[in-house]
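K.L.:
Quick one: the structure is below, and I'll ask about it shortly.
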Amino acid sequence: MWKDRANRGLYLFEGSSDDPGNRTWQIFNHVLGESNSDTYISRDFYNVQQTAGGLPDGVSFDQFLGMIQGHVRSELEGSSFDDDFSDEDFKQAALTFDDNIRRHIRFLNGVVHQGSPGEVHVALWNLILESRGDSRSIYSCYSDYLVDA
């Protein structure tokens, strides 16, 4: 089911004239390559913000990362992409992938370039920066986003 929905997204966003639409097309194209990772920091923006002081005792960075990562493929199987949705409703739901990714990038970019950024924020930022150069990562679709990063 997710493949059909990703293909629908490819069709709807093909040739987008705006950056969010173009990146969303890239995301769909990326996830159709099944050997590519579809994970991205997506969940619990509040707790991502609140980790400046570190993680709770007993929670490793990898555990935290697992709690805040989403998966495009499984999200495409959700009700937000119901087959009965109009093309416009589907497009609006699909644009949330790009919006969510950019929101986390902007936030982390801002906090790590301030005095005394939190260790978790720096680790998340470095993960994104490194992932932008990995063609198998969804963040490769953002290699030109925030070029001064």
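K.L.:
Can you give the accessible area per residue of region 1-46, in Å², using a 1.4 Å probe?
P.N.:
Per-residue accessible area for region 1-46 comes out at 52 Å².
K.L.:
Which percent of the accessible heavy-atom area of region 52-149 goes to carbon and sulfur, probe 1.4 angstrom?
P.N.:
Here carbon and sulfur together make up 46 percent of the probe-accessible area.
K.L.:
Give me a comma-separated list of calculated 3J(HN,Hα) values for region 55-68, in order, Karplus coefficients 6.51, -1.76, 1.60 applied at θ = phi - 60°, integers in Hz, x for any Gly or Pro.
P.N.:
Ordered by residue, 3J(HN,Hα) equals 8, x, 3, x, 10, 7, 4, 4, 5, 4, 4, x, 6, 10 Hz.
K.L.:
Further question: Treating the beta-carbon of each Lys and Arg as +1 and of each Asp and Glu as -1, no other charges, what is the dipole magnitude of region 1-125 about its Cα centre, to the nearest 20 debye?
P.N.:
420 debye
K.L.:
Could you tell me how many degrees, from 0 to 90 and to the nearest 10, lie between the Cα long axis of helix 119-132 and the main elongation axis, the longest principal axis, of the Cα atoms of the chain?
P.N.:
Rounded to the nearest ten degrees, it is 40.
K.L.:
What does the helix-only formula give at 222 nm for the chain: each DSSP H stretch with n ≥ 4 adding -39500 (n - 2.57), the total divided by the residues, and the result rounded to the nearest 500 deg cm²/dmol?
P.N.:
-17500 deg cm²/dmol
K.L.:
Which semi-axis lengths, in whole Å and largest first, follow from the square roots of five times the eigenvalues of the Cα gyration tensor of region 3-149? Could the numbers behind the result be given before it?
P.N.:
Working: eigenvalues 158, 55, 36 Å².
With the √(5λ) rule applied to region 3-149, the semi-axes are 28, 17, 13 Å.
K.L.:
Here's a follow-up. Assigning unit charges at the beta carbon (Lys, Arg +1; Asp, Glu -1) and nothing else, what dipole magnitude in debye, to the nearest 20, does region 46-105 show about its Cα centre?
P.N.:
460 debye
K.L.:
Compute the angle between helix 87-112 and the longest alpha-carbon principal axis of the chain, please, reported from 0 to 90 degrees and rounded to the nearest 10.
P.N.:
20 degrees
K.L.:
Same structure, new question: Send over a whole-number figure in Å² for the accessible area per residue of region 54-102, probe 1.4 Å.
P.N.:
54 Å²
The values are calculated or read from the model by the stated rules, or taken from the named source; none is laboratory data. Note that the coordinates shown come from a computational prediction; the quantities given were computed from them, not determined experimentally. When we count neighbours, we look across all protein chains shown, and the Cβ atoms used for this are built from the backbone with ideal geometry, even at glycine. Remember, those area values only see protein heavy atoms, side chains included, never the ligands or the DNA or RNA. Shrake-Rupley method; radii C 1.70, N 1.55, O 1.52, S 1.80 Å.
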